[in-house]
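Each remark here refers to the structure printed beneath this line.
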Amino acid sequence: MARTRRPMIAGNWKMNGLRADALALAKGVADGVKQAGWRDREVLVCPPATLVMAVADAVKGSGVLVGGEDCHAEASGAHTGDISAEMLRDAGAGHVIVGHSERRTDHGETDAVVRAKAEAAWRAGLLPIVCIGETLAEREAGKTLGVLEAQLRGSVPSGATAAKLVVAYEPVWAIGTGKTPTTAEVAAAHAHIRKVLGGLVSDAAAVRLLYGGSVKGSNAAELLAAGDVDGALVGGASLKADEFLAIAKAA
Ligand code: PEP
């Protein structure tokens, strides 16, 4: 079954990028992916909303996929400053990250909100990447697996299938810190996530599970080789084409 899960390397650019730099980055990634000619893995970039359309244009024909970093649960309406899944789709996105820990922390997003956003992604024809992960305090208290289970149960909408869902395990304490769990810890978390998905998704064995948190070119091969890891969600290292491509190569 593992080989039916095509690895995905996703870049989360966060609140970074003005047009000139972002387009150079997108072009660098697109050129690298085109040159590599990968058919056995997916490479996704998720720029800030202002750049989705320009990046989608810049990577056209390269095989690079484009996604949003977040979406609102509603399709339209009085939600100043927000972006709907339909708008992302219209701008050229095919994917959207929902429930990133920075959204959960900065914007108080609950599991119910994340779930509604994943449903919005489906409504718009986008593939949601649902993020979950424990804080350092939760890990130190031995609560990691319980936290992941609760977040999954709260954030994954009913009716999810492997074709409609990607899950990213991102320990909050590993994001942007240079710290990573051991491969055994990653494997244990992913095995538990897959087990819990067994009760939520009809084809749980086929759902892609990404690891995220301080992945870079130098540690990608080791982290991606951990059990049940089907790719990576990459923040900082996705802002340099060479580094991001090195991670994609390791997949
Ligand atoms: C992220 O924000 O999704 C992330 C994994 O960040 P970083 O790779 O910088 O730790």
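Read-outs throughout are calculated quantities, based only on the coordinates presented, and are distinct from any laboratory measurement. Given the structure is predicted, the values throughout are model-derived calculations rather than measurements. Cβ: placed from backbone, ideal geometry, glycine included. Neighbour counts: every protein chain shown.
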Selection within region 198-247 - among the polar types (S, T, N, Q) and under 17 Å from the mean Cα position of the chain (by Cα): 214, 238
Counting only residues that are over 11 Å from the mean Cα position of the chain (by Cα) and polar (S, T, N, Q), which one in region 4-20 is farthest from the ligand (Cβ to nearest atom)? 4
From 20, 58, 116, residue being in a helix (DSSP H, G or I), without any contact (Cβ under 8 Å) to a residue 40 or more places away in the chain and surrounded by 13 or more Cβ atoms within 10 Å (Cβ to Cβ): 58
Only residues that are part of a loop (DSSP other than H, G, I, E, B) and either of a type in the set (Asp, Glu) or within 10 Å of the ligand (Cβ to nearest atom) (or both): list them for region 206-251, please. 213, 214, 215, 216, 228, 230, 235
Residue satisfying condition, being touching a residue at least 12 places away in the same chain (Cβ under 8 Å) and surrounded by fewer than 21 Cβ atoms within 10 Å (Cβ to Cβ), within set 51, 136, 44: 136
Quick check: is even one residue across region 123-142 hydroxyl-bearing (Ser, Thr, Tyr), more than 15 Å from residue 69 (Cα to Cα) and within 16 Å of the ligand (Cβ to nearest atom)? yes
Between 246, 206, 251, which is crowded, with 19+ Cβ neighbours inside 10 Å, small (Gly, Ala, Ser) and within 19 Å of residue 8 (Cβ to Cβ)? 251
Residue ID - farthest from the ligand (Cβ to nearest atom), chosen from residues in region 152-181 that are in contact with a helix residue (DSSP H, G or I) (Cβ under 7 Å, 6 or more places away or on another chain) and of a type in the set (Ser, Thr, Tyr): 155
Of the conditions (1) in contact with a Cys (Cβ under 8 Å, 6 or more places away or on another chain); (2) away from the ligand (no atom under 14 Å from the Cβ); (3) among the charged types (D, E, K, R), residue 119 fails just one. Which one is it? (1)
Unique residue being free of Cβ contacts under 8 Å to residues at least 40 places away in the same chain and surrounded by 15 or more Cβ atoms within 10 Å (Cβ to Cβ) when the list is 164, 195, 216, 179: 216
What number of residues within region 91-113 satisfy the criterion of being within 16 Å of the ligand (Cβ to nearest atom) and either among the hydroxyl-bearing types (Ser, Thr, Tyr) or in contact with a Leu (Cβ under 8 Å, 6 or more places away or on another chain) (or both)? 5
